[in-house]
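Report on the following structure.
The values are calculated or read from the model by the stated rules, or taken from the named source; none is laboratory data. Everything numeric here is computed off the predicted structure, so don't read it as measured data. Glycine also receives a Cβ, built like all others from the backbone with ideal geometry; neighbour counts cover every protein chain displayed. Remember, those area values only see protein heavy atoms, side chains included, never the ligands or the DNA or RNA. Shrake-Rupley method; radii C 1.70, N 1.55, O 1.52, S 1.80 Å.
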Amino acid sequence: MATDNKVTFWGAARTVTGSMHLVQVNAQEFLLDCGLYQGHRGEAFQRNRQFPFAPKDIHAVVLSHAHIDHCGNLPNLVRKGFSGPIYCTPATRDLMAIMLADSAKIQEEDADYLNHKRKQGEPVIEPLYRPENVPPTVRLAQTVEYGREQEIADGVRFRYLDAGHLLGSAMVAMNIQNNGRQQTLTFTGDLGRKNLPILRDPEAVPAADFLISESTYGGRTHPPPEQLADLLGDVVRRTSDRGGMVLIPAFSVGRTQAVVYSLHTLMQAGKLPALPIFVDSPLASNATEVFRKHPECFDQETAALLGKDPDLFGQRRVHYVQSVEESKRLNSRTEPCIIIAASGMCENGRIVHHLKNRVEDPRTTVVIAGFQAPHTLGRRLVEKQPKIRIFNQELNLRAEVVTMNGFSSHADHHELMGALLPLAKKAKQVCLVHGDLEPAEALAKDLHGHGFAQVAIPERGESINLP
Ligand SMILES: [Zn+2]
């Protein structure tokens, strides 16, 4: 008798964070992603700590990519008893290793912060996981190259296709033999865009009966990536002409490498003065190392450039700042330069010091290259509030602020529609995840209008049967 195969959406359901979907097929349990839920500290802490299933019963994890909201809760899953394989591409494994190590440090700092605010008599808060939980997690990684069939249980196999979103990022195409009947499931993971620097364009989304698609930018449009290098070039040129510094809050791993790559190629082509670039983020530096080790993931243009210039990520020109002392020394620099530092929303990390030091200087430019959540310093900069508070000090915002949203490595509405439309006839059930309700509804509406019969936006904990 055929079993009822189903998917339960435990994360990135009507939100963009904490990607985690439980696939129950042929009496086996698999996870698609095991991401960290990021949000209000207290709530995130509770949400990440408890799994709504028994980790030891999970047969395997199939990972789409290494962004922390897709892999960041794996060490906790392992700590709670999971011991199966974690399938991922080779580049994802290497990126995941450094992302999780960085995340473990943040978990410890967060627990310290919560303990500091703890009232008398309340229990001590343990971090979600610690640095020592990371190596046992990475050891479970089992790499699968793009396009290779991988059996993960009797009658259950999958292959990865390039999602063009981050180095090593993948879509998952699953094939299930259910008592003589074949069922197919596609999970887009995070879907990239054509013509992003470094990465190959996303492959065609494989047709399936059951399609789980991201919907981050449903209803929204991005400028084409080709324009970005030139826009960035203009900003750097005018800032350097007036003797100022360019400060770029480093957003995610991937985006930093794209920015460095764009600047370096502009300078190589003589389109920009050869300014020093400082990448003031140990995580970004380590990630760049991983990028260098995986040229098999590069697009043709980047691979061809690599043949001519082995220094694509500009080791000669780019200074990777490791220590805090080195970072502080940048404060006394007077010559124009470009400083890229974490974090993206300017709430913490080394960028805050650089901003404090430079925002009152009208020669400075701050380039914001990602979404800024409400109530963050990044958002106040985007809004160009005349007075901003940094470390309890009121400062006058005299620096130029430039917002460049196009560096997003997610498909926009039209790109998502273009990618999904060929599946209209085949997909009997679409589930939209990884999007707030409004963008997901915008995408759902357009999909309905283009012949998709069943489009759901599952709530957290909702299960949907495979057709
Ligand atoms: Zn991602």
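Quick check on PHE391: is it buried (at least 19 other Cβ atoms within 10 Å of the Cβ), more than 25 Å from the chain's Cα centre (by Cα) and of a type outside the set (A, V, I, L, M)? So PHE391 does not fit the description; no. Looking only at the range 128-139, which residues are farther than 28 Å from GLU43 by Cβ and part of a loop (DSSP other than H, G, I, E, B)? Selection gives ARG139 alone.
Taking the range 148-159 as the range and being under 29 Å from ALA101 (Cα atoms) and over 22 Å from the mean Cα position of the chain (by Cα) as the test, the residues that pass are ARG148, GLN150, ILE152, PHE158. Selection within the range 181-200: residues that are more than 22 Å from ILE68 (Cα to Cα) and touching a residue at least 60 places away in the same chain (Cβ under 8 Å). The member of this set that is nearest to the ligand (Cβ to nearest atom) is LYS194. Looking only at the range 379-388, decide whether some residue is open to solvent by less than 50 Å² (accessible area, probe 1.4 Å) and assigned to a loop (DSSP other than H, G, I, E, B). Checking the range 379-388: not a single residue is open to solvent by less than 50 Å² (accessible area, probe 1.4 Å) and assigned to a loop (DSSP other than H, G, I, E, B).
For the range 162-180, how many residues are more than 15 Å from the ligand (Cβ to nearest atom) and open to solvent by less than 10 Å² (accessible area, probe 1.4 Å)? Number of matching residues: 3. Among the residues of the range 37-58, those identified as within 17 Å of THR8 (Cα to Cα) and either buried (at least 17 other Cβ atoms within 10 Å of the Cβ) or of a type in the set (A, V, I, L, M, F, W, C) (or both) are TYR37, ARG47, ASN48, PHE51, PHE53, ALA54, PRO55, ILE58. Only one of PRO75, PRO127 is more than 20 Å from THR188 (Cβ to Cβ), crowded, with 19+ Cβ neighbours inside 10 Å and modelled with pLDDT under 95. Can you tell me which? Checking each option against the conditions leaves just PRO127.
Against the conditions (1) farther than 21 Å from CYS431 by Cα; (2) more than 16 Å from the ligand (Cβ to nearest atom); (3) buried (at least 24 other Cβ atoms within 10 Å of the Cβ), LEU228 satisfies every one except (3). Listed by first and then second residue, the pairs linking a residue in the range 431-451 that is part of a helix (DSSP H, G or I) to a residue that is among the hydroxyl-bearing types (Ser, Thr, Tyr) and buried (at least 16 other Cβ atoms within 10 Å of the Cβ), with Cβ atoms under 7 Å apart and 6 or more places separating them unless they lie on different chains, are PRO439/SER215; PRO439/THR216; PRO439/TYR217; ALA440/SER215; LEU443/SER215. What residue, among those in the range 406-434 that are in contact with a Gly (Cβ under 8 Å, 6 or more places away or on another chain) and surrounded by 18 or more Cβ atoms within 10 Å (Cβ to Cβ), is farthest from GLU360 (Cα to Cα)? It comes out as LEU432. If you scan the range 200-222, which residues turn out to be open to solvent by 20 Å² or more (accessible area, probe 1.4 Å) and closer than 21 Å to TYR146 by Cα? Selection gives ARG200, ASP201, PRO202, GLU203, ALA204, ALA207. Residues in the range 56-75 that are away from the ligand (no atom under 15 Å from the Cβ) and either farther than 21 Å from GLU145 by Cα or of a type in the set (S, T, N, Q) (or both): LYS56, ASP57, ILE58, PRO75.
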